[in-house]
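Novice: Take a look at this one; I'll ask things after.
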Amino acid sequence: MPKHVRLISLLMVCSLWSMPKAANAQALIPHTLQLDATKLEKQGLSLAQEAAQLAQFQQVDLALPRARLASQLAPGNDKVWLLLGGLQLQTKEFDSAIASLKKAQSINPKNGDILFALGSVNFQQKNYQAAAVNYQEGLKLKPNNPEGLFDLGNAYFMLGRLPDAIAQYDKAVSQDKKFWPALNNIGLINYEQGNIPEAIKRWQSAVTLDKQAAEPLLALAVALYTKGERQQGLTLGETALRIDSRYANLNFLKENLWGDRLLSDTKKFLELPRIQAALQQPANSSSAPTPRKQPAQ
């Protein structure tokens, strides 16, 4: 799954932990109805939290019906609708996701996470200009949000606005020094522009931050091998593919914004006998999505 989707689901999960307790009904409502309404809303919030926990472990099929029911029991809670929209995005129910997110926005127009999620829906549908506008609006509400800055960088990337993309990635890293996907993406741009030393530098920094990050590790391996540092490149490549063998799939790499130059070099790298041998060994083909990236996410 594209990187960009996973952080959206985690965003929903994290937002639910701070959900307010169900509000009491108006004083003029009869006492028995007040208790029933309060209980129903509490049940809805409890279901939403269950759905969020299931989503965190990628059990979307189980999470989605709980989130739908939660939205019926607690229809006035924007975070419940945000969760539902995020899950619908993951299952590519785009029209339903937009409807849920618009409902959340009508309840709380000041929730920047809703705008980020709407941006993700547009991004998944390749409407990058609309996605960029959503992310920009979200950043007006949450200007220092590293994920939002990263998302905007990805939208600019897909629009061909590469200097703007790098600027947003740099801002994301300035807000979160450990946000390696932004460093990785800068490396992708550098490599396509022929600035191989700078790309290598970025990928080395990303790997230093997370030694289990298979993507920058494989990109670094390919760059070093192509540069002539073959032994180190092969060793790093074997390690990367042991961590996550999905990165041996060129279509998966393309989904994660790898450009033509790097894809061409990677294709040659993956055909090497030693790398082919490594791919035949039992590998950790992780079923969990990697951090947000695109086409996040």
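The values are calculated or read from the model by the stated rules, or taken from the named source; none is laboratory data. It should be emphasised that the depicted structure is a prediction, and the values quoted were computed from it without experimental measurement. So basically every Cβ, Gly included, is an ideal-geometry build from the backbone, and we count neighbours across all protein chains shown. For the accessible areas, the whole protein counts, side chains as well, though only heavy atoms, and no ligand, DNA or RNA atoms are used. Shrake-Rupley method; radii C 1.70, N 1.55, O 1.52, S 1.80 Å.
This table checks each residue for (1) surrounded by fewer than 15 Cβ atoms within 10 Å (Cβ to Cβ); (2) of a type in the set (S, T, N, Q).
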position	(1), (2)
Ile196	no, no
Trp203	no, no
Thr208	yes, yes
Pro216	no, no
Leu220	no, no
Ala223	no, no
Thr226	no, yes
Gln231	yes, yes
Leu234	no, no
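Novice: If you don't mind, there's one more thing I want to ask. Right, Lys140: in a helix (DSSP H, G or I) and either open to solvent by 20 Å² or more (accessible area, probe 1.4 Å) or among the basic types (Lys, Arg) (or both) or not?
Specialist: Against the criterion (in a helix (DSSP H, G or I) and either open to solvent by 20 Å² or more (accessible area, probe 1.4 Å) or among the basic types (Lys, Arg) (or both)), Lys140 qualifies.
Novice: Is it the case that Glu192 is touching a helix residue (DSSP H, G or I) at 6+ places or on another chain (Cβ under 6 Å), within 19 Å of Glu215 (Cβ to Cβ) and open to solvent by 10 Å² or more (accessible area, probe 1.4 Å)?
Specialist: When the stated conditions are applied, Glu192 passes them.
Novice: Scan region 268-280 and tell me whether some residue there is open to solvent by 80 Å² or more (accessible area, probe 1.4 Å) and under 24 Å from Ala155 (Cβ atoms).
Specialist: No; the residues of region 268-280 include none that is open to solvent by 80 Å² or more (accessible area, probe 1.4 Å) and under 24 Å from Ala155 (Cβ atoms).
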